[in-house]
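First the structure, in the form of structure tokens, and then the observations on it.
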Amino acid sequence: MAKMQANQMRAGMVIEFEGARYTILKQNIMIPGKGAAVIQVEMRNVKTGAKKDQRWRTADTVERLTTEDKEFTYSYADGNNLVLMDPESFEQTMVPQDILGDRLPYLQENMTVNVKLIEGEPVSMDLPEQVTLEVVEADPVVKGQTASSSYKPAVLSNGVKVMVPPFITAGEKIVVKTADSTYYERAK
């Protein structure tokens with residue numbers, strides 16, 4: 001374990017807090033009009049899956065756990081678990097679905113994922129930054145809308161709703177950022 005300042009925490013890191021291991025989901029620095037800046041962190045307990053919000057002053061220190069990164073290939077879902085395959089040894093590993101949280105719909109068969117392990121136990125999983133998905137439903141363009149500022153809702157093949165530019169129609173493939181479910185570009 002290594003100590004680090006609270007303002008160095010980033011999403012995906014694993015820390016020890018109050019005797020439990022937590023994965024950082026979101027981190028936000030808030031600077032009030034008066035007083036010192038604080039770090040607002042949303043984190044998930046590795047064992048129980050319970051989410052917790054915590055605030056630290058920027059000067060506070062936290063215990064960062066050393067993780068080992070290992071690449072796996074996603075095979076299929078089995079109940080509440082994801083079955084991952086080690087591409088080198090072809091061994092299968094079961095990981096709880098909760099490890100991905102709201103990014104689960106972006107997981108696709110044969111996708112390469114990066115799993116963070118502590119003492120051989122999976123504690124966090126990272127997806128590729130962007131995925132290509134098909135738009136299955138998109139609202140028609142409303143006349144008079146300017147293309148520069150207006151976006152319209154669309155439903156992707158994985159069921160997630162995203163805002164897309166007016167020129168995107170149903171049946172097109174688009175690239176979406178997995179971190180925040182935002183439109184990035186048309187698929188090439």
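The values are calculated or read from the model by the stated rules, or taken from the named source; none is laboratory data. Not measured: the values here are computed from a predicted model. Cβ sites come from the backbone with ideal geometry, for glycine too, and all protein chains shown count toward neighbours. Heavy atoms of the whole protein, side chains included, go into the accessibility calculation; ligands, DNA and RNA do not. Shrake-Rupley method; radii C 1.70, N 1.55, O 1.52, S 1.80 Å.
Can you tell me what percent of all Cα-Cα pairs in segment 88-188 are more than 15 Å apart?
I get 66 percent for the Cα pairs in segment 88-188 exceeding 15 Å.
Relative contact order of the chain, please, whole-number percent, based on alpha carbon pairs below 8 angstrom and at least 6 residues apart.
This gives 14 percent for the chain.
What does the accessible area per residue of segment 46-132 come to in Å², with a 1.4 Å probe and no ligands, DNA or RNA counted?
59 Å²
If you wrap a convex hull around the Cα atoms of segment 2-120, how much volume per residue is inside, in Å³?
Spread over its residues, the Cα hull of segment 2-120 gives 113 Å³ apiece.
How many percent of the accessible area of the chain is carbon or sulfur, using a 1.4 Å probe?
Carbon-and-sulfur percentage of accessible area, whole number: 48.
By per-residue mean of other Cβ atoms within 10 Å, what is the highest-first order of 47-55, 78-86?
Those peptides, ordered most packed to least, come out 78-86, 47-55.
Contour minus end-to-end for Ile31 and Ser75, with contour as 0.36 nm per residue of separation and end-to-end as the Cα-Cα distance?
Taking Ile31 through Ser75 to full extension adds about 11.5 nm, to one decimal.
So what does the Cα-only Debye profile of segment 85-147 read at q = 0.14, 0.15 Å⁻¹, as log10 I(q)/I(0), no solvent term?
-0.57, -0.62
DSSP loop (so not H, G, I, E, B), at most 13 other Cβ within 10 Å: list which chymotrypsin sites (Phe, Trp or Tyr not before Pro) in segment 54-154 pass both filters.
Taking segment 54-154 and a limit of 13 other Cβ atoms within 10 Å, the loop chymotrypsin sites (Phe, Trp or Tyr not before Pro) found are Phe90.
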